[in-house]
1. Let me confirm something: among B:Thr375, B:Thr328, which residue is assigned to a helix (DSSP H, G or I), within 16 Å of ligand 2 (Cβ to nearest atom) and β-branched (Val, Ile, Thr)?
2. For the range B:1-27, give me each residue that is part of a helix (DSSP H, G or I) and in contact (Cβ under 8 Å) with a residue 12 or more places away in the chain.
3. Could you list, in sequence order, all residues of the range B:15-49 that are more than 16 Å from ligand 3 (Cβ to nearest atom) and crowded, with 20+ Cβ neighbours inside 10 Å?
4. Just wondering, is there one or more residues in the range A:103-119 that are under 19 Å from the mean Cα position of the chain (by Cα), assigned to a helix (DSSP H, G or I) and either facing chain B (nearest Cβ under 8 Å) or modelled with pLDDT of 80 or more (or both)?
5. If we scan the range B:353-376, do we find a residue that is within 14 Å of chain A (Cβ to nearest Cβ), within 16 Å of ligand 1 (Cβ to nearest atom) and crowded, with 21+ Cβ neighbours inside 10 Å?
6. Within the range A:54-70, track down each residue that is touching a Leu at 6+ places or on another chain (Cβ under 6 Å) and either modelled with pLDDT of 90 or more or within 16 Å of ligand 2 (Cβ to nearest atom) (or both).
7. Taking the conditions exactly as written (part of a helix (DSSP H, G or I), within 10 Å of chain A (Cβ to nearest Cβ) and of a type outside the set (Asp, Glu)), does B:Val124 satisfy them or not?
Amino acid sequence: MLADSAAVLILVGLTAYVVLGGADFGAGFWDLTAGSAERGAPVRAMVKRAMAPVWEANHVWLIFVLVVLWTAFPKAFGSITSTLAIPLFVAALGIVLRGGAFALKGEAATIAEARALGAAFALASVLVPFFLGAAVGAIAAGEVPVGNAAGDELRSWTGTTSIVVGLLAVATGAHVAAVFLGADSRRAGRPELVRAFRARALGSGVVAGVLAIAGLLAVRSDVPDLYDGLTSGAGLACVAVSGAAGLATLALEWRERFEVARYTAATAVGAIVAGWAVAQQPYMLPPELTVRAAAANDSTLVALLVSAALGMAILIPALTWLFRLAVSGRLAYEEQPRP
Amino acid sequence: MIDGVLGGPVDQDYLLQARQMQAMSFAVHIPLVCFGIAFPAMVLYLEGLWLRTGDPLYKALAKRWSKAMLILFAVGVVTGTILSFEMGLLWPEFMATFGDVFGLAFLIEGFSFFMEAIFIAIYVYGWDRLAPKVHFAAGVPMVVAGITGSLMVISVNGWMNHPSGFAIRNDEVVDVRPLEALFNSNLWHELVHMYLAGFIVASFLVAGVYAHGWLRGRRSRQHRVALVVALSVAALATPAQLLVGDWAARTVAERQPLKLAAFEGLQETTKGAPFSLPGGIEIPDLLSLLAFHDPDATVQGLETVPADDRPPTGIVKLSFRLMVGIGTALAALGAWFLWVWWRRRRLPSSPWFHRALIAAGPLALVALIAGWVTTEVGRQPWVVYEVMRTEQAVTGASGIPVGFAALALVYAGLVAVVFVMLRRLGRQPFEVEA
Ligand code: HDD
Ligand code: HEM
Ligand code: HEM
């Protein structure tokens, strides 16, 4: 019971990070593909405006996942970080490059500087979700045994499942970002950007859907147990919800109902995360370590859950206020004071 | 002593590089954190002055500082993320074995990072968009989170130096009492000492920037106000730091006698132990006096334990001297300012004062890092004092040197770019709204 609650807490954090943090990475993807400095300027400005006030808060979800994991499931944490050291380290470096470049971009004085920082930002925005996704894929594929670097450092995260999950993380992030940015552009009264992001949302949605199906097929031959989990019972329900929400998002985008699409897009992505977790029950690190066996002692778990509940009670109102202000455009992104 | 739940010690040829990588990552993060601790309070103080007096200069200065604060916060966030990953990437056995004992601290910390990120964003991006009172109110949680943000990490470090809240039976960690681990007895002196250090480092660095301008003839009212605010903080914090440092030394003497011996490089147990200064001068009984407030007290020597259990003395001794020496010098500088301010109600006019201020910022940074080297290297060879050795904690993964080199490159670039951008921010014209 306690162990499962802690696992759910991780899942909540992971879902928040995949949706909110993922959208920030996706925004970086659209920055990367926006074209030449001149042509891409409006898209890049919109990305900056939408991300600047919220990316740090969104990023903390990753820290949250890490700390709950190492407190509640220390043995799993040590095994994961030692076997998957390469993808995790690359992702961490990518986070430094991306955050640093983004924070400093506003101060760039010349086009060349802005370009160099922009390139670092955009490139890292693709690397980070890919490598984090590949790490998750390795866990799902049962490549992480218990022990200090007991798994294969390279082969563990370069299997088909890992690669597909990595690509899926990039694609879903890009899709959610396009949906969010489309809605933001509408509020900002920028019809040409609304069109641009609508097209991107539709395109990336199709790609993400195709990748999700490809992923399912890859899992079928690669990790049969996981496939069974995803195609029966609660796992199947999650997959169905994800598929339905994904299709709904495409329909809503088509009909330009951008605000509602925010929620369906988030649901589609969240359901994939939930589906993965449900499908590999009762394991934390398949095929051996169960959630129960990985869990910390009861007094730690109780303290963790109580603290988390108290923390959420403060966090959620604060986060709501931030998003309200950000979405309503009341947080200035211009570097200069207004006249 | 304990072996660890992941299967005990592994072969790792690059333990030293892992330690150095950890040290480098801290050396980049901790200075940034000083600004996370001190800047919110300083900026909010200026805004409060503006609200009370209506003088737009205060607002302009607060706004300018808050921009620098945002940049430094963002870099603090990403370097802190590296540290979080490194806990697992470098020390998986340590985390796997003790994560559930001290992990709670990091969870609480996580919430405080959330609050800081949220309210810094609202504060900095909300200038002129929110009603002035609401804006000021949004700054309050930012200041609180700046304080609590360091509370819990330090609790973990305190715990590593004085582990409590668990028992070991049959090579297993049992009977975990997370709250006891959280509020370990090393927490309080480390917290207050680090907290003051944050204010000292941030305020002297800011003062140094304006002192540099002062020497070049930039002496407008904006410069005076900035200097007075920064110097007041510095002058209050430094003398207090000497007292807290004394408290820290006495705690170390009581709980980590070998660390104390390493401060002096004291080999044999000595009654009335001396303290040596650079240049071969030795002041009799001073170490005993510092550590126990008694010139005749006995200090345990390094030779009382096997060579394997002794911390490296050279670097600890040097770091401790650097910290204490710089701390004393900074306190003198603060006193100079206070004296002149008290007698004449103005800043010291001597160019030497301003030259000294320029040096004070970087020196405070050196004291900060030296202090951490004292604490961390002085704890070696243990990662958890007298419970787990650093070599037991380390990862079995290969490639540490490659990771170390890559991170060093990235950090060198990051530090350089941040430096350039902050300089540029400083050169922007200073606009006071009419
Ligand atoms: C601006 C920075 C600064 C200054 C001026 C001083 N210190 Fe310090 N010191 C630190 C910054 C620091 C720190 C923040 O780096 C440490 C590392 C761990 C800690 O709690 O604070 C530290 C640790 C530390 C320790 C080890 C504590 C432990 O291992 O638990 C001792 C004994 C002292 N200090 C003593 C002093 C004395 C006697 C000082 C004055 C003369 C002094 N410090 C000035
Ligand atoms: C939580 C707060 C912590 C703080 C503030 C802290 C601070 C520091 C600092 C500043 C150094 C640099 C020492 C040097 O320059 O040589 C250092 C070194 C080190 N830290 Fe910590 N540390 C903390 C936690 C940890 C943790 C969790 C570990 C993991 C096991 C750790 C293990 C080490 C090791 C092995 C070194 C290298 C020591 C050496 O070079 O001899 N520390 N730490
Ligand atoms: C002397 C020791 C440390 C202190 C006082 C400290 C304090 C802080 C503070 C105040 C921040 C907020 C950012 C800022 O204001 O710049 C921060 C950021 C961060 N720190 Fe540290 N820290 C220390 C060491 C560590 C260690 C050992 C870890 C991890 C193991 C760590 C992980 C983080 C993380 C993850 C962030 C980013 C939070 C975010 O995403 O908003 N820090 N730290």
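The values are calculated or read from the model by the stated rules, or taken from the named source; none is laboratory data. It should be emphasised that the depicted structure is a prediction, and the values quoted were computed from it without experimental measurement. Every residue, glycine as well, gets a Cβ built from its backbone with ideal geometry; the counts of neighbours run over all protein chains shown.
1. Values: B:Thr328 fails: within 16 Å of ligand 2 (Cβ to nearest atom).
It is B:Thr375.
2. Once the filter is applied, which keeps residues that are part of a helix (DSSP H, G or I) and in contact (Cβ under 8 Å) with a residue 12 or more places away in the chain, the range B:1-27 yields B:Leu15, B:Gln17, B:Ala18, B:Arg19, B:Gln20, B:Met21, B:Gln22, B:Ala23, B:Met24, B:Ser25, B:Phe26, B:Ala27.
3. Correct list: B:Leu46, B:Glu47.
4. As a first pass, look at the range A:103-119 and keep what is under 19 Å from the mean Cα position of the chain (by Cα): none.
The answer is no, given that none of the residues of the range A:103-119 is under 19 Å from the mean Cα position of the chain (by Cα), assigned to a helix (DSSP H, G or I) and either facing chain B (nearest Cβ under 8 Å) or modelled with pLDDT of 80 or more (or both).
5. Step one: of the range B:353-376, the residues within 14 Å of chain A (Cβ to nearest Cβ) are none.
Within the range B:353-376 (the criterion being within 14 Å of chain A (Cβ to nearest Cβ), within 16 Å of ligand 1 (Cβ to nearest atom) and crowded, with 21+ Cβ neighbours inside 10 Å), the answer is no, since none of the residues qualifies.
6. The answer is A:Val65, A:Val67, A:Val68.
7. Values: part of a helix (DSSP H, G or I): yes; within 10 Å of chain A (Cβ to nearest Cβ): yes; of a type outside the set (Asp, Glu): yes.
Yes: the conditions hold for B:Val124.
Let's see how each residue does on (1) of a type in the set (Val, Ile, Thr); (2) at pLDDT 90 or above; (3) in a helix (DSSP H, G or I):
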{"site": "B:Phe35", "(1), (2), (3)": "no, yes, yes"}
{"site": "B:Phe39", "(1), (2), (3)": "no, yes, yes"}
{"site": "B:Arg64", "(1), (2), (3)": "no, no, yes"}
{"site": "B:Val75", "(1), (2), (3)": "yes, yes, yes"}
